[in-house]
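Worksheet for the structure shown next.
Derivation of every value follows stated rules applied to the coordinates shown; laboratory data play no part. Quantities reported herein were computed from a predicted structural model and do not represent experimental measurements. Here the Cβ is made from the backbone with ideal geometry for all residues, glycine too, and neighbour counts use every protein chain on show.
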Protein chains: 2
Amino acid sequence: MIELWELGGKNDCRYSTFAWRTRLALLHKGLAFEVHPVAVTDKGAIRFSGQDLVPIIRDGDRIVSDSWKIACFLEQAYPERPALFGSELGQNLTYFFNMWADRELLPLLVPPLMLDVLGCVGEAEAAHHRTQMETIFKRKLEDLYAERAKTLEQFRKRLAPVRRILSDQTFIGGKTPAYADHILFGVLQWARVVSLEQVLDDGDVIGRWFERVLDLYDGAGRREPARRERAMERSA
Amino acid sequence: MIELWELGGKNDCRYSTFAWRTRLALLHKGLAFEVHPVAVTDKGAIRFSGQDLVPIIRDGDRIVSDSWKIACFLEQAYPERPALFGSELGQNLTYFFNMWADRELLPLLVPPLMLDVLGCVGEAEAAHHRTQMETIFKRKLEDLYAERAKTLEQFRKRLAPVRRILSDQTFIGGKTPAYADHILFGVLQWARVVSLEQVLDDGDVIGRWFERVLDLYDGAGRREPARRERAMERSA
């Protein structure tokens, strides 16, 4: 059985945007897998992989890290299973879409909501995340959070091309989902898991698409509690 | 035979970035077509299409304008010919790529080189282009031209995701070209036809890919003289 290492936080929450891409890719291929949650500070747990980032998968004697490389590995190793890319063009343009999500979307979504992540993890991990993010962005997380309304507005605007696709398509993949759907899902699932903020406007077609993807693969995405649901549990 | 209306300038030069996408799509499909050059000021010539932009194609009794709509029409009307998109995913992600080229690439390439276009067209057309562009950018074309080194540097940086794809792929489509190649070709062919500026650095893999696309379809792209070639003819 394939093994997957991914970030895990408090109350077993799974908040890695990259690991969600990999999870959905494994489910899309119909492959059974076992998950090992790893704290962001526990580099020892993943030393076997020869690098220090999750997600990582082990499939027999193959160890692959980096969500994009994992998707390419799965497509090549399991060509008879449902396609993630479907063609060389599909793979190249999905790579382009993956880079766009990482370079254009995450920098507008992660900084304003990163303060929320600190409440989803233990103290040592929170300190690690804070140091890392404040070094990258050269700002206090509290200041980035204070500007969240403006930053999230830019985030929604930047989604315009995807909004155009999803206004007359069920999935980015067309009638059925593809890895491009998993990429964007990973972005929005991160926000759903870590934050109480509503990042999309009511009635946005992307929100309706997100609900569809939450239901895919027997509701694998939806089974992960939203931060909102965890908050309600605590106050009930 | 299919008819194509596209922008034509002085000395029969063909400089529309959008029409180059359509031309290559027609050639890719192996369809015979006849071209009608239209001056940008001659709205009368294309009134039959019910709108005022080129490219336009007429195929039997079907009239289609807008390069993206034309590509979709050709893919649907000629499914047995070489594919432009290959799949629904391919079509959706190519649409995404098309929007990226229009929104992210052209705004860094057209303003600095627009002054060059004025030398490729007649006086009335030059005045039309100047008014249109200076209204859109709220700047004098001369000022935009003066900043071209900086703007073109940003243009090259923004091509990074494509550079990554083309560093180990022959075409964006993979082993064979696809409409995504035609889109990016149209962007760079515009610069080649209108300007003496070298927009890509020597040794850029995108430059080598551009040379390959110039050679496709019996060198259709290369037969259109570069501004540099026209300049040499005049001075010889």
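A few notes on this one:
- Chain A residue nearest the rotation axis toward B, with distance: A:Leu93, 2 (Cβ to axis, whole Å).
- Dividing the helix sum by the residues of chain A, where each DSSP H run of 4 or more adds -39500 (n - 2.57), gives a mean residue ellipticity at 222 nm of -17000 deg cm²/dmol.
- For region A:97-218, with +1 on Lys and Arg beta carbons and -1 on Asp and Glu, the positive-most of A:Leu214, A:Gly174, A:Leu196 along the dipole: A:Gly174
- The length gained by stretching the chain between A:Thr170 and A:Ala77 to full extension, at 0.36 nm per residue less their Cα-Cα distance, is 30.7 nm.
- The GluC sites (Glu not before Pro) of region B:122-226 meeting both criteria, a DSSP state outside H, G, I, E and B (loop) and at most 14 other C-beta atoms within 10 angstrom of the site's C-beta, are B:Glu147.
- Rg in Å to one decimal, and Dmax rounded to a whole Å, for region B:6-82 via C-alpha atoms: 12.3, 38
- Size estimate for the protein assembly as shown follows the Kirkwood approach: the inverse of mean 1/r over distinct Cα pairs works out to 24.5 Å.
- Checking the Cα-Cα distances for A:Lys150/B:Lys69; B:Lys69/B:Lys175; B:Lys10/B:Lys43 against a 23 Å cut-off, the pairs over it are A:Lys150/B:Lys69; B:Lys69/B:Lys175.
- Estimated translational D of region B:105-188 in µm²/s (Stokes, Kirkwood radius over Cα pairs; 20 °C; 1.002 mPa s): 148
- Rounded to the nearest 20, the size of the Cβ-charge dipole of region B:5-91 about its Cα centre is 180 debye, with Lys and Arg at +1 and Asp and Glu at -1.
- Sorted shortest first, the distances from the B:Asp61 label point to those of the same residue in the other copies are 6.7 nm; each point sits 7 Å from Cα along Cα-to-Cβ.
- Sorted from nearest, the other copies put their A:Ala39 label points 7.6 nm away, the label point being 7 Å from Cα in the direction of Cβ.
- Inter-copy label distances at B:Lys140, shortest first and taken from points set 7 Å along Cα to Cβ: 4.6 nm.
- Using R0 = 51 Å, the C-beta based FRET efficiency linking B:Asp204 and A:Asp12 works out to 0.60.
- Approximate shape of region B:39-122 as ellipsoid semi-axes (Cα gyration tensor, √5λ), whole Å, largest first: 27, 21, 9
- Shielding by partners - mean other protein chain Cβ count within 10 Å, residues of B:90-103: 6
- Region A:89-135 and region B:120-172 have their alpha-carbon centroids 31 Å apart.
- The mean sequence distance of close C-alpha pairs (under 8 Å, at least 6 residues apart), as a share of the length of chain B, puts its relative contact order at 22 percent.
- Considering only A:Leu118, A:Ile183, A:Leu105, and ranking their Cα positions along the charge dipole of region A:88-235 that arises from unit charges at the beta-carbon of Lys, Arg, Asp and Glu, the one farthest toward the positive end is A:Leu105.
- Alpha-carbon Rg/Rh ratio, for chain A, with Rh computed the Kirkwood way: 0.94
- Per residue, the average separation of C-alpha pairs within less than 8 Å and at least 6 apart gives region A:1-64 a relative contact order of 47 percent.
- Looking at the protein assembly as shown alone, DSSP beta bridges between its own residues are antiparallel in about 55 percent of cases.
- Given charges at beta-carbon only (K, R positive; D, E negative), |dipole| of the protein assembly as shown in Debye: 460
- For B:Lys150, net neighbour charge (Lys/Arg +1, Asp/Glu -1) across residues whose Cβ lies under 14 Å away: +1
- Only Lys, Arg, Asp and Glu carry charge here, each on its Cβ (+1 for the first two, -1 for the last two); on that basis region B:88-235 has a dipole of about 220 debye about its Cα centre.
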